[in-house]
Structures are given as structure tokens and as C-alpha cells.
Amino acid sequence: MSWVVDLGNTSLKCASSHEGVIDQSSAVVWQQEDITQTLDEVWGDLPAPAKIICSSVVSKKVNNEFSQWCNEVWGIEPQFIESPEKGCGVTNAYMDASCLGSDRWAGLVGAKHIIDKPCCIIDCGTATTIDVMQEDGQHLGGLILPGIALMRSSLLQGTSISIDGSEEGNSTLFARNTKDAIQGGGLYAMIATIDRVFQDVDVELGVEVSRVLTGGDAETLLPLLQGDIIYKPDLVLQGLAIIEKQLSDTKDVQ
């Protein structure tokens with residue numbers, strides 16, 4: 001049994017995979033500064049998988065600590081993917097292919113294998129990433145912007161605004177306190193951006209593209225966005241499973 005793992009800024013997601021299909025996905029909020037404790041708690045009593053394929057947006061230091069834990073506890077070395085120029089039916093648009101985040105690459109691969117028309121993929125996490133892909137798998141490029149929580153924290157850190165407590169406020173148009181005003185403002189900013197991007201992509205390509213939503217904030221945004229949305233919470237893991245299968249098939253041929 002193989003595992004596919006997505007090391008994100010605020011959550012660690014994983015699933016078992018077989019023949020390019022995932023099963024039993026899970027996610028845990030983690031503290032990168034204490035990764036060993038998190039892994040001990042969530043994986044310490046589990047049997048070792050045969051292989052681990054990872055995408056990661058965290059620092060090299062955290063990746064190394066993750067690898068060290070897997071080696072010490074399970075005796076296996078996880079494999080971190082990098083974005084290639086081409087693979088799994090997708091062609092990378094970046095001038096330097098390796099600079100495209102590996103999670104974005106996995107998301108593109110996952111979308112290519114479930115959608116047979118041009119698509120716009122929105123991954124709503126700590127950062128929100130937007131990628132557009134043609135029907136033939138040609139990636140056209142995309143955007144990166146702060147996620148809702150990062151908008152909130154950046155506003156508080158960059159101004160003299162102060163609020164009581166660390167918890168989020170309520171999202172409302174007519175906020176009557178600062179906490180709610182910041183939370184609602186971030187939400188409206190994200191909704192407006194995504195809706196406008198969808199609209200502009202349709203105009204630019206001359207066709208209505210499939211709209212794909214994934215990431216931690218996706219469920220919050222889903223009912224507020226215009227048009228038909230394809231919600232795929234495990235899109236990155238599914239893409240990793242397809243990549244893992246291709247790597248295994250290539251190794252078998254060699």
C-alpha cells in the first residue's frame with residue numbers, strides 16, 4: 001500500500017492509494033514547529049506504508065524533519081515530487097517548470113483526469129492559488145493571493161487595528177464591530193476575486209470553463225459563488241495518486 005501526502009501550511013493531508021485511486025483520506029491541523037509530536041500522535045501507531053509520495057509547500061527544514069521521522073519510525077524515505085515541464089497528460093506553463101508549486105501541479109494532474117474540458121482550479125488554503133488549463137492539458141498559468149485568514153492576519157499586523165480575542169468574527173455585510181468587519185471583508189474580497197476570475201477566464205478563452213474548487217476554505221466559499229462549481233476536496237491527493245502510479249509504471253518498465 002502506498003500513501004500520498006500533501007504537506008500544507010496549516011494542515012497535513014494524506015490518503016492511501018492504489019492504481020491511481022485514493023482511499024481513506026484524512027487531514028489534521030499541524031504545528032510545523034513541532035512536526036515530530038504531530039506525526040507521533042496521528043501516525044505513530046499505524047503500520048508503515050510501502051511508499052510515500054509527497055507534495056509540499058513548507059520549508060526544506062520541515063520537509064527534512066518529516067523525512068527523518070519516516071526513516072526513524074518506519075524505515076522508509078518519502079519522495080517529494082517537483083513540477084516537471086510535462087507529465088500525466090499536463091504541460092506546465094511556467095517558464096521555469098520547477099517553480100510551480102508541487103501542490104498546484106498535483107491539482108492540475110487531478111483535474112485533467114476528471115474533467116474533459118477547459119477548467120479553472122481554485123485551491124483555497126492559507127494562500128489561494130488559481131490555475132487555468134486547456135482541454136488538452138496545456139496549463140495556461142494562474143494567480144496567487146492571500147487566503148481569507150491570511151488577509152485578516154496581514155491587516156492586523158500591518159495596521160494599528162486591534163480586536164479582542166484571537167478567534168474569527170462573523171461574516172456579515174453590515175458588520176457592527178471590527179472583528180466582524182474584518183472577517184466579512186476578507187470573505188467578500190475572496191468571493192469577488194474568484195467570481196471575477198471565472199468571468200474573465202470565460203471571456204479570454206471564449207468558452208465557459210469548468211470551475212473546480214478545493215482547499216480548506218472551499219466549503220465556506222462554495223454556497224456563495226456564482227455558477228456551477230465542481231467541489232473536489234481531495235483534488236491534490238488524487239493528483240498525487242496518479243503521479244505515483246505513473247512513477248511505479250515507469251519503474252516497472254525500466
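The values are calculated or read from the model by the stated rules, or taken from the named source; none is laboratory data. All values derive from a computational prediction rather than experimental measurement. Virtual Cβ from ideal backbone geometry, glycine too; neighbours counted across all protein chains shown.
Per this entry, Leu39 is not counted among residues that are in contact with a His (Cβ under 9 Å, 6 or more places away or on another chain) and either without any contact (Cβ under 8 Å) to a residue 40 or more places away in the chain or surrounded by 20 or more Cβ atoms within 10 Å (Cβ to Cβ) (or both). Selection of the stretch 225-246 for residues being in a helix (DSSP H, G or I) and surrounded by 16 or more Cβ atoms within 10 Å (Cβ to Cβ) yields Leu235, Val236, Leu237, Gln238, Gly239, Leu240, Ala241, Ile242, Ile243, Glu244, Lys245.
When you check Leu150 against the structure, is it farther than 17 Å from Thr193 by Cα and in contact (Cβ under 8 Å) with a residue 24 or more places away in the chain, yes or no? When the stated conditions are applied, Leu150 does not pass them. Evaluate the stretch 151-161: report whether one residue or more is within 21 Å of the chain's Cα centre (by Cα), loosely packed, with under 12 Cβ neighbours inside 10 Å and modelled with pLDDT of 90 or more. No, the stretch 151-161 contains no residue that is within 21 Å of the chain's Cα centre (by Cα), loosely packed, with under 12 Cβ neighbours inside 10 Å and modelled with pLDDT of 90 or more.
Name the single residue, out of those in the stretch 27-36 being surrounded by fewer than 13 Cβ atoms within 10 Å (Cβ to Cβ) and under 20 Å from the mean Cα position of the chain (by Cα), that is nearest to Asn63 (Cα to Cα).
Of everything passing the filter in the stretch 27-36, Gln31 is nearest to Asn63 (Cα to Cα).
If the condition is being assigned to a helix (DSSP H, G or I) and touching a helix residue (DSSP H, G or I) at 6+ places or on another chain (Cβ under 8 Å), then the stretch 71-90 contributes only Val73. For the criterion of being within 19 Å of the chain's Cα centre (by Cα), at pLDDT 95 or above and farther than 22 Å from Ala15 by Cα, Ser83 fails. Screening Ile115 on (1) within 20 Å of Ser11 (Cα to Cα); (2) surrounded by fewer than 21 Cβ atoms within 10 Å (Cβ to Cβ) shows it passes everything except condition (1).
Against the conditions (1) acidic (Asp, Glu); (2) under 24 Å from Gly107 (Cβ atoms); (3) buried (at least 17 other Cβ atoms within 10 Å of the Cβ), Asp23 satisfies every one except (3).
Where the second residue is acidic (Asp, Glu) and surrounded by fewer than 18 Cβ atoms within 10 Å (Cβ to Cβ) and the first is assigned by TED's automatic domain parsing to the domain that holds Pro78 and over 10 Å from Asn9 (Cβ atoms) and lies in the stretch 55-67, which pairs have Cβ atoms under 7 Å and are six or more apart or on separate chains? Listed pairs, sorted by first residue: Ser67/Glu77. In the set (1) surrounded by fewer than 19 Cβ atoms within 10 Å (Cβ to Cβ); (2) out of contact with any Lys or Arg (no Cβ under 7 Å at 6 or more places or on another chain); (3) on the phi < 0 side of the Ramachandran plot, Gly147 fails one condition alone, (1).
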